[in-house]
Amino acid sequence: MSAASEALANAEALAHADDLADFVAASPSSFHAAAEVARRLTDAGFTALDETSAWPAQPGGRFFVVRDGAVIAWVVPTAATVATGFHVFGAHSDSPAFKLKPKPTTGRLGWLQAGVEIYGGPLLNSWLDRELRLAGRLVLDDGTSVLAATGPLLRLPQLAIHLDREQNDRLALNKQTQTQPVWGLGEAASADLLGEVASAAGVDAARIRGYDLVTADAARGAVFGKNDVFFASGRLDDLASVHAGVVALAAAELDAPHIAVLAVFDHEEVGSATRSGAAGPFLQDVLERVQLSLGAARDEQLRALSASWCVSSDVGHSVHPNFPERHDPVVQPVLGSGPILKINANQRYATDAAGAAAWHGWCAAAGVASQEFVSNNAVPCGSTIGPITATRLGIRTVDVGIPILSMHSARELAGTADLHDLTRVASAFFAG
Ligand code: ZN
């Protein structure tokens, strides 16, 4: 690469990272992420569809449908027929966090605290000493749902080193007694945490009949390091993939040989077995309705699925310089050297030889370098939405993502260039 084209690639990657920081700031909960995807696609000319309404005939159309914290969007090429397959880019909208319990206004000793459960598998100590927002949805007495997000409101203060000199040797938090954030001073009996959230949303707290509210780091994502190679932010797992997918889909053309689909699921961090999770029927229902709107019979639907691909994108592990023994000794992806192809013999990732070959083809078409990830045999492998989607739909599936460090930390670490490269591969995948 010449110095000039390298500088241009750098500028594009920095602009992409800045846009991702905006996206994460607008998406403190899965519900906000789905709404932000919808907002961006609406701006790009997509039409919102309602699951309870009939859907129009679709050639040449751009559509999306939101189900709770999930969203599926698609572009139907002008020349689409009943035999046209799908290219599905999958990702998830949720991240590990703390979730508000019933009767959430608690406290003692003059402190106001929040009653929280633990959502998914956060690195608990990473959530200490950060200002946190509270965000999600409120369902009101008339059944309507409103998004709500506070500014910086809560914090989990760490105990001073002077009060426990052994903390650096064994920091372990009790998940009930030592994870309840503070959010003010006073008596719990005369305070109302939900009232704070309601006023942030501009609604009357007395109208709240239900809520799904989680914590999110209040700090904005930022690039740093030599030559701005690093990008740190909350919720990179998996908003980095959601953002890459929405940027690529918003620019997708109407001349592709397949229907381009972005599928953003909720609840990946807690097993995906929900109506808006990857193990639920959402994607299958949407694909079937798209096919029915094209006039496909059952046999034609199955033929189109056989001609389809799913790229399941979720963050993976970069090699960590301080813990090399946790990684495979040979296959060692690192930040900044491109997205990763995830491989696991026990099919914790759906990638197989055919998927690997297809992935390398899309990367080559995009001019993007790619790396491989495989676990150390003595370290259990995680999983993601890829195997679930492949099992549900029978679609050929490949698991990919960007390499990160600090996975499930309140603030994760990615490579600036990889974020942009993932979008470029997603565009090539959507184009053909
Ligand atoms: Zn993930």
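The values are calculated or read from the model by the stated rules, or taken from the named source; none is laboratory data. Note that the coordinates shown come from a computational prediction; the quantities given were computed from them, not determined experimentally. Cβ: placed from backbone, ideal geometry, glycine included. Neighbour counts: every protein chain shown. Ligands, DNA and RNA are stripped out before the accessible areas are found, and what is left, the full protein with its side chains, is counted by its heavy atoms. Shrake-Rupley method; radii C 1.70, N 1.55, O 1.52, S 1.80 Å.
Accessible area per residue for the chain is 42 Å², calculated with a 1.4 Å probe on protein heavy atoms, without ligands, DNA or RNA. For the chain, complete DSSP H runs whose alpha carbons reach 30 Å or more along their own long axis and whose mean Kyte-Doolittle score is -0.5 or higher are 3-25.
Between residue 129 and residue 44, take the C-beta separation as r, use R0 = 41 Å, and let me know the FRET efficiency to the nearest 0.05. That gives a FRET efficiency of 0.55. Does anything in region 272-315 have its amide N under 15 Å from the 7 Å Cα→Cβ label point of residue 391, and if so which residues? Only 272-274, 277-281 pass the distance filter.
Length gained on full extension, residue 205 to residue 227, computed as 0.36 nm times the residue gap minus the Cα-Cα distance: 3.1 nm. Taken as Cα centroids, region 219-296 and region 1-54 sit 10 Å apart, rounded to the nearest whole angstrom. Positive contributions from Lys and Arg (+1) and negative ones from Asp and Glu (-1), summed over other residues with Cβ under 12 Å from the Cβ of residue 31, come out at -3. Residue 344: net charge of surrounding residues, Cβ under 14 Å, Lys/Arg +1, Asp/Glu -1, itself excluded? Neighbourhood net charge equals -3. The modelled label-to-label distance for the pair residue 175/residue 325, using points 7 Å beyond Cα in the direction of Cβ, is 2.7 nm. Across the chain, Cα-Cα distances exceeding 33 Å account for 35% of all pairs. Peptides 6-14, 31-39, 322-330 ranked from most to least packed, by the mean per-residue count of other Cβ atoms within 10 Å: 31-39, 6-14, 322-330.
Work out the FRET efficiency for residue 306 and residue 53 from their Cβ-Cβ distance, taking R0 = 25 Å, and round it to the nearest 0.05. Given R0 = 25 Å and the Cβ-Cβ separation, E is 0.30. Taking Cβ atoms as reference points and 12 Å as the exclusive limit, the residues near residue 206 contribute a net charge of -1, counting Lys and Arg as +1 and Asp and Glu as -1. The residue list 194, 172, 182 was ranked by how far each Cα lies along the charge dipole of region 144-206 toward its positive end, using unit charges on Cβ atoms, and 172 comes out on top. Per-residue ellipticity at 222 nm computed for the chain from its helices equals -9000 deg cm²/dmol, with DSSP H segments shorter than 4 residues left out and the rest contributing -39,500 (n - 2.57).
Pop out the carbon and sulfur fraction of the accessible area of region 97-217 as a percent, whole number, probe 1.4 Å. List each step's numbers first, then the result.
Values: 3260 of 6530 Å².
The computed percentage sits at 50.
Take 265-275, 349-359 and order them by the average number of nearby Cβ atoms within 10 Å per residue, most first; the result is 265-275, 349-359. Most simply put, region 97-217 has about 95% antiparallel DSSP beta bridges, counting only bridges with both residues inside it. Carbon-plus-sulfur fraction of the accessible area of region 298-432, 1.4 Å probe, in percent? Of all accessible area on region 298-432, carbon and sulfur atoms account for 54 percent. Each Lys and Arg contributes +1 and each Asp and Glu -1, all at the Cβ; summed about the Cα centre of region 97-217, the dipole is approximately 200 debye.
When region 1-80 is described by a simple charge dipole with +1 on each Lys and Arg Cβ and -1 on each Asp and Glu Cβ, the residue from 72, 24, 57 located farthest towards its positive end is 57.
Could you check what % of the DSSP bridge pairs in the chain are antiparallel, to the nearest 5? Antiparallel: roughly 70 percent of the beta bridges in the chain.
Under the simplified labelling scheme, the residue 168-residue 376 pair shows an inter-label distance of 2.4 nm, with each label point 7 Å from Cα along Cα→Cβ. The simple spin-label model puts a point 7 Å past each Cα toward its Cβ; for residue 118 and residue 4 those points are separated by 5.5 nm. Magnitude of the charge dipole for the chain, about its Cα centre and with charges confined to Cβ atoms of Lys, Arg (+1) and Asp, Glu (-1), is about 560 debye.
Heavy-atom accessible area for residue 238, with the other protein chains in place and a 1.4 Å probe, reaches approximately 0 Å². Our summary gives the chain a relative contact order of 23 percent, counting only alpha carbon pairs under 8 angstrom and 6 or more residues apart.
Between the C-alpha center of region 368-406 and that of region 65-100 there is a gap of 18 Å. Ranked from largest to smallest solvent-accessible area, with a 1.4 Å probe on the protein heavy atoms, 320, 258 come out as 320, 258. Listed by chain and number, the aspartates and glutamates placed with their C-alpha closer than 12 angstrom to that of residue 342 are 314, 352, 372, 399; residues fewer than eight positions away on the same chain are left out.
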